[in-house]
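Engineer: Questions regarding the structure given below will be posed in turn.
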Amino acid sequence: VSSLDPGGSPSVFTNFANEMTVAAPSDYFIASYDTKDRLTHFGGTSGAAPQVTAALAAFELISGYKISTSEAKHLLKKTALKFVNLP
């Protein structure tokens, strides 16, 4: 999973490779709280990957079907929006 900036382009720190299946919006804009309960932001692949995982978990919850790894990859490739800014 790679990271996208707010404009839908790859984040400046993201690399792309043939092994990359999907990208998710993250950049440095995922809101969170630090250990002192202060609002902070993080992102990158550490923010993008949980979004993709949550989408797959929602699919399993809604459908009641336990998806395999190969099925998950196929589903992500079939349903992901294509962006012209991505390789």
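Engineer: For Leu61, only one of the following conditions fails: (1) of a type outside the set (S, T, N, Q); (2) open to solvent by less than 70 Å² (accessible area, probe 1.4 Å); (3) assigned to a helix (DSSP H, G or I). What is its number?
Structural biologist: Here Leu61 meets the rest and fails (2).
Engineer: Could you say whether any residue in segment 66-87 is in contact with a helix residue (DSSP H, G or I) (Cβ under 8 Å, 6 or more places away or on another chain), open to solvent by 40 Å² or more (accessible area, probe 1.4 Å) and not acidic (Asp, Glu)?
Structural biologist: Yes, that holds for at least one residue.
Engineer: Something else now. Give the residue that is least open to solvent (accessible area, probe 1.4 Å), with candidates limited to residues of segment 1-48 that are acidic (Asp, Glu) and more than 15 Å from the chain's Cα centre (by Cα).
Structural biologist: Applying the filter and picking the extreme gives Asp34.
The values are calculated or read from the model by the stated rules, or taken from the named source; none is laboratory data. Given the structure is predicted, the values throughout are model-derived calculations rather than measurements. Heads up, the Cβs are rebuilt from the backbone with ideal geometry, glycines too, and the neighbour counts pull from every protein chain shown. Keep in mind that these areas ignore ligands, DNA and RNA; they rest on the heavy atoms of the full protein, side chains included. Shrake-Rupley method; radii C 1.70, N 1.55, O 1.52, S 1.80 Å.
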